[in-house]
1. Taking neighbour counts of Cβ atoms within 10 Å as a proxy for exposure, in what order, fewest first, do SER71, SER278, SER64 appear?
2. Determine the sum of side-chain charges near SER63: Lys and Arg each +1, Asp and Glu each -1, restricted to other residues whose C-beta is under 12 angstrom from that of SER63.
3. Compare ILE331, ILE339, ILE107 in a GNM of the chain, Cα atoms joined below 10 Å, and give the one with the largest fluctuation.
4. Placing +1 at every Lys and Arg Cβ and -1 at every Asp and Glu Cβ, with all other atoms neutral, what dipole size does the chain have around its Cα centre, in debye to the nearest 20?
5. Indicate, rounded to the nearest 5 percent, the antiparallel portion of the DSSP beta bridges found entirely in the chain.
6. Normalised by the residues of segment 43-172, what does the relative contact order come to in percent, with Cα pairs under 8 Å and at least six apart?
7. Could you size up the charge dipole of segment 73-177 around its Cα centre, putting +1 on the beta carbon of Lys and Arg and -1 on that of Asp and Glu, and report it in debye to the nearest 20?
8. GNM, the chain, Cα, under 10 Å: largest mean-square fluctuation among ASP31, ASP125, ASP308?
Amino acid sequence: MKKIIFILSTCFFLSSCQAPTTVVSRGVNTDIEKERIIMQGIALETFYKRLEKLNNYAWPILSSSKPFCKSDTKYDIGIIAISLEDLRTELRQAAKEKIGISKELKILFLIKNSPSFNTDLRKGDIIREIKSKNFKWTHEDIIKNIRLRNFNADTIKITIDRDGQILSYNITPTLICDYGIILSQNNNLNAYADGKNIFVTQGMMRFIEEDKELQFILSHELAHNSEKHISKRVNNSILGTILDVAAASAGVNTRGTFGNIGAQMYSQDFEREADYISMYILTLAKIDSRGVENFWRRLSAENPRSIDSYNSSHPTSPERWANIAATRKEIEYKINNNIELVPERKDKN
C-alpha cells in the first residue's frame with residue numbers, strides 16, 4: 001500500500017511541475033562537441049599564460065631568497081616542459097589542436113631571466129636529451145628531473161629538435177629556493193603554502209592589479225615555507241592533542257579542543273612574520289614595494305569582514321596595511337644607515 005501511495009505521489013508531483021512554454025532551438029551534438037574542444041583550448045591557453053606569468057614573477061623571488069631558504073635550495077635552469085601524457089585524457093584533443101602540445105616533450109615556456117631564457121631556446125622546441133658529465137636524460141627522465149630540479153652546479157648540454165633541425169645549447173644551472181610554484185584552478189581569492197610549494201589561485205591572479213602585488217604574495221608564502229610555519233603549526237597541534245589524550249585517559253572528553261587550540265596558536269603572529277619577512281625578500285630582489293600595502297585596501301573591499309575581524313587566523317586588513325608600511329620604514333632606515341638588510345630576530349645568537 002505504501003509503495004502504491006509513493007508511486008501515485010510521484011506521478012502527481014511530476015505532472016504538476018511547471019515547464020517552459022517555448023520551443024527552444026537546440027544545437028546538434030557535433031557542434032556542441034566542436035565548441036567543447038574550442039572552449040577547452042581557450043581554458044588551457046589562459047591557464048598556461050597565467051602559469052608563465054606566475055613563474056616569471058616568482059623567479060627573482062626564488063633566486064634572491066636563498067639566505068632565508070637556507071638548506072631548501074636546488075639548482076634549476078628555468079624550463080617548463082610538457083607533453084600530452086601530462087594532461088587528463090579528456091583535455092588532450094584540445095591541447096593538441098589548439099595549443100600544439102604533442103606526445104613529444106616540448107618547451108611550454110622559458111622562465112624570464114633564468115639560465116635557459118638567456119639562450120636561443122624557444123617555446124615549442126622538442127627536447128631530445130639533457131646531459132652533463134654525471135647524467136644523461138631522455139623523454140620520461142627529462143620531465144621528471146626538470147620538475148624535481150635534479151641539477152647541480154655543472155653545466156648541462158640540452159639537445160632540441162626545431163622543425164627537424166637538431167640543435168644543442170650549454171646551460172649553467174643557478175641555485176634558487178626549492179619551492180614549487182603552482183597555479184591552482186580555483187576562483188577563490190587565495191594563496192597558500194604547504195612547506196614545499198607555493199600555491200596561487202586563478203581567482204587571485206585575476207584580482208591582482210600590479211606585478212609587485214603578485215610578488216608580495218609570492219614572498220609572503222615563501223616566508224611561510226622558509227620560516228617553517230606549517231611544521232610549527234603541526235607540532236603545536238600535536239602538543240595540544242597530547243593534552244586531549246591525557247584528558248581522555250582521566251575520563252574527560254575534550255572533543256579535540258586542545259588540538260584545535262594548538263593548531264591556531266600563534267597563527268596571527270605567523271601571518272605578521274610572513275608579511276614582515278616578505279618586505280625584506282622584495283628588497284633583496286630589488287623590487288619596488290612602495291604602495292604594495294594598498295593591496296589590503298582593495299582586498300578589504302572584497303571581504304569587508306577582514307576590516308574588523310579579530311577572531312580569525314589572520315590579522316585585520318588595517319593592521320596588515322600598517323605593519324607593512326612600518327616595515328618599509330625600518331628597511332629604508334637600514335639602507336640609509338648602511339645597516340645589514342636582515343630581519344630583526346628575538347634571538348640573534
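Just so it is clear, none of the values below were taken in a lab; they were calculated from the coordinates. Every value quoted in this text rests on a predicted model; they were computed, and no experiment measured them. Here Cβ is always computed from backbone atoms with ideal geometry, including for glycine, and neighbour counts include all displayed protein chains.
1. Listing SER71, SER278, SER64 from fewest to most nearby Cβ atoms yields SER71, SER64, SER278.
2. That works out to +2.
3. Evaluated over the chain, the most mobile residue of the options is ILE339.
4. 520
5. Percentage antiparallel, nearest 5: 85.
6. On the way: 185 pairs, mean separation 30.0, N = 130.
Reported as a whole number, the value is 23 percent.
7. Working: 19 positive and 14 negative charges, 31 e Å.
It comes to approximately 140 debye.
8. Checking each option, the largest mean-square fluctuation is seen for ASP31.
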